[in-house]
Amino acid sequence: MTSTLPIVRQPVDRRGSTEVTPTLATPRLELDVSVAVDRFVRLAAALPGTGVHYAVKANPHPRLLAELAAVGCRFDVASPAEVRAAVRAGADPASLVYSNPVKRRDHVAEATALGVRLFVVDSLPETVKLAEAAPGCQVLSRLSTSGEGSDWPLSRKYGCSPEEAVRILLTADRLGLEVAGLSFHVGSQQRDPEAWAAPIVSAARVFALLRDNGLSPWLLDLGGGFPASYDGGCPPVTAYGEAIDRRLDDAFGDHRPETIVEPGRGIVGDAGTLVSTVIGVVHRGGVRWVFLDAGVFTGLVETLDEAIRYRLQTTARGAETGPCVLAGPTCDSADVLYEQQMVQLPLDLAEGDEVRLQSAGAYTTCYSSVGFNGFAPLPTRITGPVAGVS
Ligand SMILES: *Cc1c(COP(=O)(O)O)cnc(C)c1O
């Protein structure tokens, strides 16, 4: 099977065949922070009244965090290091949501000492741990979801049933914690705006049961999952906002809680371009293999199982394209980006040409190995308003 990834050819200034346009070293991530700020503004506008907490794990670049904090974005964190990064960026620690449902005990204590107040759990033992390590903190219980409709599901590892959530939160109350409410995550790169419907209905049931037991849950964390612009496309963010608003109205009516979201990919995905260079083209058994200097171990982990399909641009100029396997530079056989569904690239693509992977700002630099097979971690170059390398 071959895909029809859209190729946007970039005009490159190559005066004469031997003259190479000077470029920065590849691979690198070019990050335009102003695009992430724009995505934050659009998401906040699509979900009026909902607090937006950027999930730091998607891309923790300090410049990104600082500019997001400056326009009123809050943060979702999962470790003391992420707490400190958010605080350095200007965040109030009391505004953070610490969303890792199973945490190191000393990390809970450390985060509490740094000023974090709101934590997520999805089990009774973790609730007891919180009561011991962060007495009196606020707690959300995370509901499981199907993950259906998403390209990178997060459903298997975390989450409890509505019945367990009731037990957990009643226990939390008995242990002296403040019951804030519930959280869930519908799966990353969620293509279906209606994916929030089922967990919102479950959440309304749990909130009603808790009220019956004399508690006053007040916060619903709608998680992340908002999409970046990969191959195949997704509905606009306004469609997500409208669907979520309608479902909240239907399920909660007059009892609508405060809401927050935790977008990672939907904020920073489109802000990055991963620039790589072709290091070799090999024809093998009638199949063209294109090897890049970036791969699964240099930031492209999400191509595993070909889950995330980046849009590609090249500097090759030929109009004719054909299918090829796209592979990374290490000697690990897992270091193949797209093979089951090959990509269409120009037939004249050759060593030295650039291949740019679009919308690669999320889950790339931070997923890069520290030096597998001697290949350095993926660096970031800030582009747009303020340039620089880090
Ligand atoms: C990773 C993660 C997010 C961000 O998810 P995206 O799909 O990138 O928006 C949000 N919340 C939690 C708890 C996460 O683990």
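Where a number appears in this text, it was derived from the coordinates with a stated rule and is not lab data. As the structure is a computational prediction, the values presented were derived from the model and not from experiment. Neighbour counts are summed over all protein chains in view; Cβ atoms, including those assigned to glycine, are modelled from backbone coordinates with ideal geometry.
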(message) Check which residues have an amide H placed less than 5 Å from residue 355's amide H, if you skip close sequence neighbours.
(response) 276, 277, 278
(message) Let me spell out the model: positive unit charges on the Cβ of Lys and Arg, negative unit charges on the Cβ of Asp and Glu, origin at the Cα centre of the chain. What dipole size does that give, in debye rounded to 20?
(response) 440
(message) What is the sum of charges, Lys and Arg at +1 and Asp and Glu at -1, for the other residues whose Cβ falls under 13 Å from the Cβ of residue 194?
(response) -2
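Quick check on packing: order 117-127, 328-338 by the mean number of other C-beta atoms within 10 Å, highest mean leading.
Listed from highest to lowest mean packing, they are 117-127, 328-338.
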(request) Run through the DSSP bridge list for the chain and note the antiparallel percent, rounded to the nearest 5. (result) 45
(message) Under the rule of at least 5 residues apart or a separate chain, name every residue whose amide H is placed under 5 Å from the amide H of residue 188.
(response) 152, 154
(request) Would you pull out the residues with amide H under 5 Å of residue 345's amide H, same chain only if 5 or more places away, H placed 1.01 Å from N? (result) 322, 324
(message) Please list, in order along the range 163-174, the HN-Hα scalar couplings obtained from phi with the Karplus expression 6.51 cos²θ - 1.76 cosθ + 1.60 (θ = phi - 60°), rounded to whole Hz, x for Gly and Pro.
(response) 5, 5, 4, 4, 4, 4, 6, 5, 5, 4, 4, 4
